[in-house]
Structure formats: structure tokens, C-alpha cells
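Just dropping this structure here.
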Amino acid sequence: MPETSATPYELLGGEAAVRQLSERFYDAMDRDEPALARLHPLDEHGRVARESRDRFALFLIGWLGGPQDYIAAHGHPRLRMRHARVPVDISMRDAWMRAMRTAMDEVGVPGELRAFLEVRFAEVADFMRNRPG
Ligand code: HEM
């Protein structure tokens, strides 16, 4: 964490900035990581569905220290359980991280916060693995 009491949510710029990060993330996934995108519900244009994008954005807002609306709407994230039916191996973990890095590049997350978020995202993405290899 940077040397301040501000949350990552505040440092990023609040709700609009976090929603922007989430949109860029799924746009990168749609464009660059078709195998990963196809694991998600897709809309009529073959893009990750609006509902999935919005649910992840709401989760991110809370996870980064903003309002806990995801938990109010959907309960505790229990991420590993919610991903149990999704085959996550090393290649999907790495594809997820590439899309998130691209999104962070595109929205321009500043240095120290970027380094902090890379580590946290990498930890949670690795934690989601539920298939060997
Ligand atoms: C590492 C590879 C990952 C894969 C392949 C993956 C894939 C998926 C899929 C297929 C869904 C269900 C469809 C949807 O609701 O969009 C989903 C839901 C979700 N994922 Fe992931 N995911 C990964 C990592 C992560 C990570 C690292 C996070 C958190 C930082 C995350 C957070 C979520 C959330 C919050 C949901 C919605 C859960 C719900 O409310 O039902 N995922 N993911």
C-alpha cells in the first residue's frame, strides 16, 4: 500500500475509475484472450455480457476498499467456490492477468498503486486455480 490512509479505490479515482478499469479489462479479454472470454456468458456480439461486467465492477469497487454493494447484493464473494465450475489452469490464470495488466496500462494506474495491485491481482488469480497444469 502507498504511504497514505487512502484506499486503493480512492487512489484510483473512485467508482467511475474502477468501472472504467473493469470495462477495459473485459474489452482486452474480448480482443486478446478469446479462450478466456469464451468461458464467460457472451452477448449477441460475442462480447463478455453486460451482467458479468457489472457484477465484476461491483465486486472490484468493494474489494479495493469502496462501498460494499457487491456483498449487499450477492453475499460474500466466496470466489473459489463461485469459480468451481470454471476450469482455471495456469494458462487461464495468465490470460486473466494479461487482460488485467492491459486494462491497468490503458487507464494509467500510477506507479506505487500499480505495483500494489499487480501483486494483489496475481495472488487472487493464482488462488483461483482449480486444475493441474
Ligand atoms: C484466473 C482466471 C479466472 C477465470 C478463468 C475467471 C472466470 C470467471 C467466470 C467464467 C465467471 C462466471 C461468469 C461471470 O459471472 O462473469 C466469473 C465470475 C466472477 N469472477 Fe472470475 N475468473 C478468473 C479470475 C478471477 C479473479 C482473479 C477475480 C477477482 C479478482 C474474479 C472475480 C470474479 C467475480 C466477482 C465474479 C462474479 C461472481 C458472482 O457474483 O457470481 N475472477 N469468473
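The values are calculated or read from the model by the stated rules, or taken from the named source; none is laboratory data. Since we're looking at a predicted model, the values are computed, not measured. For neighbour counting, all protein chains shown are included, and Cβ atoms are generated from backbone atoms with ideal geometry for every residue, glycine included. Surface accessibility is based on the protein's heavy atoms, side chains included, excluding ligands, DNA and RNA. Shrake-Rupley method; radii C 1.70, N 1.55, O 1.52, S 1.80 Å.
Please state the relative contact order of the chain as a whole percent: Cα pairs under 8 Å, 6+ residues apart? Intermediate values should be presented prior to the final figure.
Numbers: 133 pairs, mean separation 42.7, N = 133.
It comes to 32 percent, rounded to a whole number.
Tell me which residues come under 5 Å, amide H to amide H, from Val88 once H is placed; ignore anything under 5 positions away on its chain.
Those qualifying (amide H under 5 Å, at least 5 residues apart or on another chain) are Asn130, Arg131.
Treating only the Cβ atoms of Lys and Arg (+1) and Asp and Glu (-1) as charged, compute the dipole magnitude of segment 11-127 about its Cα centre; round to the nearest 20 debye. Numbers along the way, then the final one.
Details: 17 positive and 19 negative charges, 71 e Å.
Dipole about the Cα centre, nearest 20: 340 debye.
Can you tell which of Val48, Ala103, Val119 lies farthest toward the positive end of the dipole of the chain, using +1 and -1 charges on the Cβ of basic and acidic side chains (Lys, Arg; Asp, Glu)?
Of the candidates, Val48 comes out farthest on the positive side.
Show the residues, 5+ positions off or on another chain, whose built amide H is closer than 5 Å to the amide H of Leu42.
It is Ala49, by chain and number.
If I require 20 Å or longer along the helix axis, counting alpha carbons, and a Kyte-Doolittle average no lower than -1.0, what helices from the chain are left? Use full DSSP H segments. Write out the running numbers ahead of the final one.
Details: long enough: 15-32 (25 Å, -1.03); 90-107 (26 Å, -0.26); 111-127 (24 Å, 0.38).
Helices passing the filter in the chain: 90-107, 111-127.
Using the Kirkwood formula over every pair of different C-alpha atoms, what hydrodynamic radius in Å results for the chain? List each step's numbers first, then the result.
Numbers: mean 1/r = 0.0654 Å⁻¹.
Evaluated on the chain, it is 15.3 Å.
I would also like to ask the following. For the pair Asn130 and Arg114, how long in nm is the line joining their label points, each one 7 Å along Cα→Cβ?
Result: 3.3 nm between the two label points.
Heads up, I need the accessible area for Asp126: 1.4 angstrom probe, whole protein in place, Å², nearest 10.
60
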